[in-house]
Amino acid sequence: MTIGLASRTAVSGCVLCAAGLLALALAPAAAATGPGVDPAPRTTDAPASLLYRPGTHVRPRAGAPEVPDLSARAWLVADADTGAVLAAHDAHRKLPPASTLKTLFALTVMPALPSGIRHRVDPEELEDIGPGSSLVGVAEYRTYRVSDLWNGVFLNSGNDAVRVLAALSGGWRTTAERMEEKARALGARDTHVKSPDGYDAPGQVSSAFDLAVFGRAGLRSPEFAEYCARAEASFPARDGGSYPIVNTNRLLTGADGVAPYRGLVGVKNGYTSHAGNTLVAAARRDGRTLVATVMNPRSGDGHAVYEEARALLDWGFDAAGRVNPVGSLDALRSAPPGGPEADAVAVSASRGGDTEGPPVWWTITGAGLLGGAGVAVYLRVRWGPVPKD
């Protein structure tokens, strides 16, 4: 059978249509295996999305130590330098953070308040402090340096010091809003701030992941790092003298029978009756820094938060080079805002896929138009011009 020129044109149009649709179908595979893609072995679970799933996640290699069995409702340990999450349990579970939220408060407020500024405290700045709050002893009408107040925040977890610093930063509500903006900028999407000092408030939550992000970001600030690693300081007294204050992070000081952790560099502990004990801890050994978060251990031991953080840090240092990351603290490498339901996007991101190019709707429309043109040419050749009404 002989095919004329017009007929060959129609067939070619249909073939082009089919080729276009085939290219569209194969595009995701090409993006996943094309040049510039990380050649690491593929796994069924994308590290970017693993952390959004409940349970304990670790990807051990041969010879890796076993992850410790902890009682905390959520925990995480990560490399503070690279952001690689080494292991985690319910990393994005939203829980009350207690005073570990003060890490986000410091990240938000500290850059705008030079430490040498002096401020005379007005009585209204100390209003509405929650009953049972931890206090460092800020007094009305007393003048303090901003550095004194930060000592009160980091060492004594003083909610009175937080109140004054928040007043200097635009007020309580404005500070809470800025803290949420800062959290989002860092890629921490689980945190909702109602009370900047970490005091229990309806709707106030964070996660082991977010707290690790805050601790890691804080260590990058020399000023933050200096405060969170300080074991003792002097605080101005009401009568013009001063008195010593000691950091309540027992893993740092070794108080109350808790052995100090070798190489610890901070960061912050917390406790409320609703949140239980919480802790962000960071340690440095042999040029490597780890950050661990522990939220609400249920073992019944009042010091469990320190011992479980110790176990996580020990495991993290022992596991160096013997585990694959289960995620990242970096905002651009964490799961997309859609959360676990956006796993398909997370898989593409974790594999380094390049998503640039025409959007899907454009490609589909173009393929459809091309196919329609081919069919129209074929019909015209086969049946002649279509009669007009």
Label-point separation in nm, A231 to L135, each point 7 Å along Cα→Cβ: 2.9 nm
Sort 154-166, 297-309 by the packing proxy (mean of other Cβ within 10 Å over each peptide's residues), most packed first. 154-166, 297-309
Pairwise FRET efficiency - R53 versus D286, Cβ, R0 = 30 Å, nearest 0.05: 0.40
So which aspartates and glutamates can K182 reach, going by Cα to Cα under 18 Å and dropping same-chain residues fewer than 8 places off? D190, D197, D210, E223, D330
Could you tell me whether the range 119-201 comes out rounded, prolate or oblate from its Cα gyration tensor? Rule is a ≥ b ≥ c as square roots of the eigenvalues, rounded for a/c under 1.5, then prolate if a/b exceeds b/c, otherwise oblate. prolate
Per its Cα gyration tensor (rounded if a/c is under 1.5, else prolate when a/b beats b/c, else oblate), the range 130-259 is best filed as oblate
Net +/- balance of residues flanking N249 in space, Cβ distance below 15 Å, scoring K and R +1, D and E -1: +1
Here the residues of the range 58-91 lying in the modelled label zone of D330, meaning backbone nitrogen under 14 Å from a point 7 Å along Cα-to-Cβ, are 79-85
For R220 and A320, compute 0.36 nm times the residue count separating them, minus their Cα-Cα distance, and round to one decimal in nm. 33.9 nm
What is the calculated FRET efficiency for A185 to S71, with r their C-beta to C-beta distance and R₀ = 41 Å, to the nearest 0.05? 0.80
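Suppose the chain between D128 and D256 were pulled fully straight at 0.36 nm per residue; how much longer would it get relative to their current alpha carbon spacing?
43.0 nm
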Inter-probe distance in nm under a simple model that places probes 7 Å from Cα toward Cβ, at A62 and T174: 6.1 nm
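None of the figures in this text is laboratory data; all of them are computed from the coordinates on show. Bear in mind the structure is a predicted one, so any value in this text is a computation, not a measurement. Glycine gets a Cβ as well: all are built from the backbone with ideal geometry, and neighbour counts include every protein chain shown.
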